[in-house]
Amino acid sequence: MVEGKLRFSTIFVAVAALVFSLAYFVKAKEPILQIVSPDKIMSSAVSLPNSTDSKFAEMVMNSSSYAVFLCRSEYSSGNANSLEALRGWAAQQFHNDPRFLHPVILPKATASSTFINSTAYCLFAAPYYFASQAAAGLIGSRVDSYCDSESFRVFKNDFAGLFGGDAEAATLLARYQSDRARTAINPLLSVLLWLLTAFLSPLLVRPFRRAAAFWRAPFMLGNDQNSYRNTISSAAYFAYFVSALGVYYTAQALVVETTAAPSAIAAIVCGAAALYVLFPVKVFVDNDEVLFLRSTITTRSIVISAWLFLSVLSIQMLTWIKQGVLTEPDPISLLISAFTGDFIHDPLTAKRWISTAIALAWSASFVFILKILSRRGTESSREVTKKLAGLGAKH
């Protein structure tokens, strides 16, 4: 017992020393990511980094009164909506800062209102910035590939008809694509993180499996060994993935302070669900005291709990898809754009297919859950039959 306490104390001291060393010696800087280059969009446009054209800014801010003439093609409808969104975005940006196409890059303040934020920043800022640069490179290669497509060529002609084909117009289009591409970095990293979590699950789930087996050991005697092992595995995997979701929401609460409260509540719910499935208890309320007794839950209950979590996550994804618009893209749209390289058009067809796939998968899982619920009394009836047969054999 004493050796275990000393081991934990040593780990905490080592982590504190590491965080202090990082805070003192390392200064992680957020990289400046220019994902799309103006020269890639319009090779004839040579932008001057320190120049600005006030007439171009006035033209963009007053462009709402201009008619949009498009080259008739299969992309005309999507290009009209995209140009409308682009000029609305550009007008707002020029209204806030007339020099936003050639800004002076200033360092941004990091979330460090508490010691928890500061500790998390010291530990994870450098790896996060490195991963962001790698993701930006991947997205940039997809955007470059899209810029060579027929869809972009037609849009570029329509764009030039509204904003012109000079250096400022090319810089505007590149800035629009870059800003939207940067917002796709975090969703892309989140997907990669969850893929890594699933890939490492056979290794990382072992501590959860040992904890579930230890807690359920008193109930092992007299039970079916296969059912016992299935219950342990189900509880371990459920606790592992729900705990990972809780850690994800905790990190989101630390990094994005504007959504700290909802993220913290979601993290608490995930943690409570994981703990209860891993260490189930029964509560008995007496007149004098409240008793918490070690208990167990069936595999069926764990499967139903997992289905409920998957249902609320599916609802969240469907809500993203329904509420996302071209000017404020949702995470699903950003992920689609990151893979296609098209941050100009709204991927309506892909989102429709994803919504249909989610609905079909949920419907199939719902039928499966109804089938499980319909077997509610099967196991106990079988046990009763065995007991009656045993009594008959004795007599």
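Quick note: the coordinates plus some simple rules give every number you see, no bench work behind them. Here the structure is a predicted model, which means the values were calculated and not measured. Heads up, the Cβs are rebuilt from the backbone with ideal geometry, glycines too, and the neighbour counts pull from every protein chain shown.
A few notes on this one:
- For the range 247-256, Karplus couplings with θ = phi - 60° (6.51, -1.76, 1.60), whole Hz, Gly/Pro x: 5, 4, 5, 5, 4, 5, 5, 6, 7, 9
- For the range 212-270, the fraction of alpha-carbon pairs in successive 10 Å shells from zero, as %: 23, 33, 20, 17, 7, 0
- Kirkwood Rh, angstrom, the range 163-240 [1 / mean 1/r, Cα pairs]: 16.6
- Residue-wise HN-Hα couplings along the range 191-205, as the Karplus relation 6.51 cos²θ - 1.76 cosθ + 1.60 with θ = phi - 60° gives them from phi, are 4, 5, 5, 5, 5, 5, 4, 5, 5, 8, 4, x, 8, 7, 7 Hz; Gly and Pro carry x.
- What the Cβ-Cβ distance of Phe366 and Ala134 gives, at R0 = 56 Å and to the nearest 0.05, is a FRET efficiency of 0.90.
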